[in-house]
Amino acid sequence: MKTKMFIRMSLTMLVTLVLLLIGACSSKSETAAIDAKTKVGIVLTEVGLGDRSFNDAAFNGLVKARDEKSIVFDYREPSKDLTAEAAFEEFSEQKFDLIIGLSNTILADMEKVATKYPDQQFLLIDGQSSLPNIASISFRAEEGSYLAGVLAAMASKENRVGFLGGLEIPVLKDFEKGFEQGVLAVNPEATVDVIYAGDFGDPDLGKQIAKKMIQENGVDVIYAVAGLTGVGTLTEIQDLGKYAIGVDTDQFFIAEKAILASMLKNVDVSIYNTVNTFIENNHTFPNKEISEGLAENAVGLTELHNIRLSEEQQKIFDDLKSKISSGQIKIINHP
């Protein structure tokens with residue numbers, strides 16, 4: 001009897017030991033699988049997630065790569081408690097394979113950390129650096145903005161349109177100049193009002209500026225390139241019964257009665273493709289500086305809303321689009 005009990009106890013202990021070993025092996029396998037994936041960290045702009053624009057698009061590109069099991073990633077949103085420099089430092093200390101920074105506004109912070117960690121690979125979106133370990137993606141957003149200008153000129157009844165930017169920085173000057181050149185290509189007599197809000201994260205400020213542009217200046221189409229500030233602009237334009245052009249992502253749902261189209265900057269697609277290129281090339285970039293525009297389908301307009309182009313207008317639009325894509329039309333950028 002004692003012998004049978006001993007055998008039962010021994011078998012129970014053996015089964016338990018086997019299960020523990022299987023669990024430990026499984027856990028080690030899962031950990032190894034995660035460790036084998038490329039680790040990507042991204043530092044967003046201070047506006048952060050929920051801007052329905054630049055930050056959200058970049059984040060979605062990494063989500064797609066993660067869902068396809070090619071990477072694991074983490075993100076940081078700079079704030080009063082966490083500077084962009086501290087976020088880059090944190091990712092570098094944790095030895096992430098690739099660290100991404102959004103916008104030229106955080107270039108100085110990235111370069112400080114990149115200098116300290118010369119073996120760490122960084123990727124800057126919408127800016128360039130001379131440091132060897134900082135690669136970059138720049139969008140020829142002026143090409144898509146040119147098309148936005150063409151559309152604005154065709155839609156305007158007052159011959160007065162507006163450009164509302166967030167911060168007056170080089171990349172937004174590209175948007176501005178492309179838009180202005182597109183407007184004047186269709187209507188040389190049109191006036192283009194340009195205002196910079198000085199903020200990407202203030203919807204109420206966007207509303208105030210839009211109201212002033214429309215009611216005081218007589219603008220009837222506004223191209224809003226201002227993040228959350230631009231979201232406020234779009235809703236105010238709709239309330240005042242005028243037209244708007246969104247940016248970065250399809251913003252039609254924000255102001256469905258006002259949006260003519262949105263100028264897409266396919267940040268999600270570019271980040272997704274660039275991360276995969278980084279992986280395929282053994283954690284290096286074949287080209288340090290990547291520039292993409294209409295020809296690469298990195299920028300462009302969404303389908304049109306609240307407007308129907310005449311046959312003649314459509315022909316003009318298509319012709320100008322073809323000439324920009326092929327390089328026959330050159331956008332005069334900022335100095």
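Coordinate-derived values only; no laboratory data. Remember, predicted model here, so these are calculated numbers, not experimental data. Here the Cβ positions follow ideal geometry from the backbone for every residue, glycine too, while neighbour counts run over all protein chains shown.
Side notes on the structure shown:
- Nearest-ten-degree value, helix 170-186 long axis tilted from longest Cα axis of the chain: 40
- Cα pair distances in region 42-166, grouped into 5 Å bins until the bin that holds the longest one, percent each: 2, 10, 18, 19, 18, 12, 8, 6, 4, 3, 1, 0
- The helix-based estimate of mean residue ellipticity at 222 nm for the chain, built from -39,500 (n - 2.57) per DSSP H run of four or more residues and divided by its residue count, is -15500 deg cm²/dmol to the nearest 500.
- Among the GluC sites (Glu not before Pro) in region 298-330, those located in a DSSP loop and surrounded by at most 15 other Cβ atoms within 10 Å of their own Cβ are E303.
- The magnitude of the dipole of the chain, with charges of +1 and -1 set on the Cβ of Lys/Arg and Asp/Glu and taken from the Cα centre, is near 1360 debye.
- Under the Debye formula (equal points on every Cα, no solvent term), log10 I(q)/I(0) of region 104-204 at q = 0.14, 0.21, 0.24 Å⁻¹: -0.64, -1.00, -1.14
- Cα-derived Rg over Rh, computed across region 138-250 with Rh taken as Kirkwood radius: 0.93
- In the chain, the longest principal axis of the Cα atoms and the axis of helix 311-326 are about 60 degrees apart.
- Listed residues Q128, Q181, Q208, most fluctuating in the chain (Gaussian network, C-alpha, under 10 Å): Q208
- Candidate cross-link partners of K242 among the aspartates and glutamates, defined by an alpha-carbon separation under 16 Å and a same-chain spacing of 8 or more, comprise E158, D193, E216, D220, E256.
- Computed Kirkwood radius, in angstrom, where 1/r is averaged over Cα pairs of the chain: 21.9
- Counting DSSP beta bridges with both ends in the chain, the antiparallel % (nearest 5): 5
- Each of Y146, Y272, Y75 has some number of other Cβ atoms within 10 Å of its Cβ, and from fewest to most they run Y75, Y272, Y146.
- In region 48-143, trypsin sites (Lys or Arg not before Pro) in a DSSP loop with at most 16 other beta-carbon atoms within 10 Å: K69, K80, K95
- Distance from the C-alpha centroid of region 103-172 to that of region 262-282: 15 Å, rounded to the whole angstrom.
- Ranking of F179, F252, F200 by neighbouring Cβ atoms within 10 Å, starting from the fewest: F252, F200, F179.
- Filter on K207/K321; K69/K112; K212/K257; K64/K95 - keep pairs with C-alpha separation over 24 Å: K207/K321; K69/K112
- Dividing the C-alpha radius of gyration of region 193-297 by 2.2 N^0.38 Å, with N its residue count, gives 1.35.
- Summed side-chain charge close to N104 - residues other than N104 whose Cβ falls under 13 Å, Lys, Arg +1, Asp, Glu -1: -4
- Over 19 Å (Cα to Cα) - which of K80/K116; K173/K265; K177/K323 fall in this group: K80/K116
- Exposure proxy order (Cβ contacts within 10 Å, fewest to most) of M213, M263: M213, M263
- Size descriptor, Kirkwood hydrodynamic radius, that averages inverse alpha-carbon separations across region 35-89, Å: 11.9
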